[in-house]
Amino acid sequence: MASWFDSSNGVPKYRQLQHVLEEMIAGLRPGEPIPPERELEQRFGVSRVTVRQALHQLVLAGRLERVQGKGTFVARPKLEQVLALTSFSEEMIQRGMRPGSRMLGVRSVAAPADLAVPLDCAVGQPIIELRRLRLADDEPMALETVYLSAERFPALLDADLTDQSLYAWLGERYGVELAHARQTIEATVLGPEEARLLEVPVGTPAFRLERVSYDRRDRPVEFVRSLYRGDRYKLFARLERPRLSFKRVDQR
């Protein structure tokens with residue numbers, strides 16, 4: 001094992017340990033646990049700091065995943081987040097998984113300027129804030145906060161959307177059918193409260209999505225802010241090259 005930890009090659013010891021652990025991971029199946037930190041310390045003769053640095057790099061690389069209170073496991077394949085106007089429930093069903101939701105709160109709030117514009121309402125006008133934890137096979141996957149018009153959808157304040165699709169509810173109750181949306185995506189890391197709800201360590205990478213969805217009459221229906229676990233998701237989009245027209249230039 002001494003050859004793996006060569007102090008003369010300029011490679012930090014945690015990086016050398018990372019390479020050793022990658023070979024170990026290659027022989028395990030997704031979801032299998034790796035040895036505890038103390039056992040890794042003793043096996044490879046390194047400090048706890050070195051072990052944690054190596055494990056952290058492997059988590060960031062998507063090779064390992066940590067489960068609070070349970071340990072560190074070989075990462076499962078990431079779910080593709082298709083960039084299309086589908087609900088979370090529809091996406092999970094398409095993957096053969098059981099979608100679920102845990103209600104975190106629903107209330108009426110006065111629309112601030114940054115929400116009034118996308119929802120096409122006046123600043124201070126009542127809007128509904130719906131917060132849910134989205135689950136797949138009972139595993140937390142995303143945090144979702146949705147804003148909708150309180151005037152247009154008053155029954156939402158009394159609705160229980162636990163394990164129910166919001167889009168399906170809007171269609172059944174109000175005949176709303178979503179037609180198109182605008183969405184932005186940013187990379188971020190999870191803070192303490194977000195990490196607690198998603199049952200991952202603080203600082204876990206995540207995707208922050210913001211979306212405005214419109215109905216068939218081009219009216220805004222919802223403004224959504226979502227946080228998807230970066231350790232369980234990857235983004236997928238089908239891209240097509242646009243048709244370009246060129247004008248001939250007379251170079252006389």
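The values are calculated or read from the model by the stated rules, or taken from the named source; none is laboratory data. Since we're looking at a predicted model, the values are computed, not measured. Backbone-built Cβ (ideal geometry, glycine too); neighbour counts: all protein chains shown. Accessible surface areas use protein heavy atoms only, side chains included; no ligands, DNA or RNA. Shrake-Rupley method; radii C 1.70, N 1.55, O 1.52, S 1.80 Å.
Summary of computed values
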quantity: Solvent accessible area, Å² - Ile185, 1.4 Å probe, full protein context; calculated: 60 Å²
quantity: Region 97-153: GluC sites (Glu not before Pro) falling in loop per DSSP and having at most 16 other Cβ within 10 Å; calculated: Glu151
quantity: Where a label projected 7 Å from the Cα of Val189 along Cα→Cβ would reach, residues of region 206-232 with amide N under 17 Å; calculated: 206-208, 228-232
quantity: Residue-by-residue Karplus 3J(HN,Hα) for region 122-133, coefficients 6.51, -1.76, 1.60, Hz, glycine and proline x; calculated: 7, 4, x, 5, x, 10, 9, 10, 10, 10, 9, 9
quantity: Loop trypsin sites (Lys or Arg not before Pro), region 178-211 (other Cβ atoms within 10 Å of the site Cβ: 14 or fewer; DSSP); calculated: none
quantity: Segment Leu28-Leu104, extension gain: residue separation times 0.36 nm, minus the distance between their alpha carbons; calculated: 23.7 nm
quantity: With all protein chains modelled, accessible area of Val74 [1.4 Å, Å²]; calculated: 10 Å²
quantity: Rounded to whole Hz, the Karplus (6.51, -1.76, 1.60) HN-Hα couplings of region 45-61, x for glycine and proline; calculated: x, 10, 7, 4, 4, 4, 4, 5, 5, 5, 5, 4, 5, 6, 5, 4, 7
quantity: Gap separating the Cα centres of region 114-128 and region 131-167, nearest whole Å; calculated: 19 Å
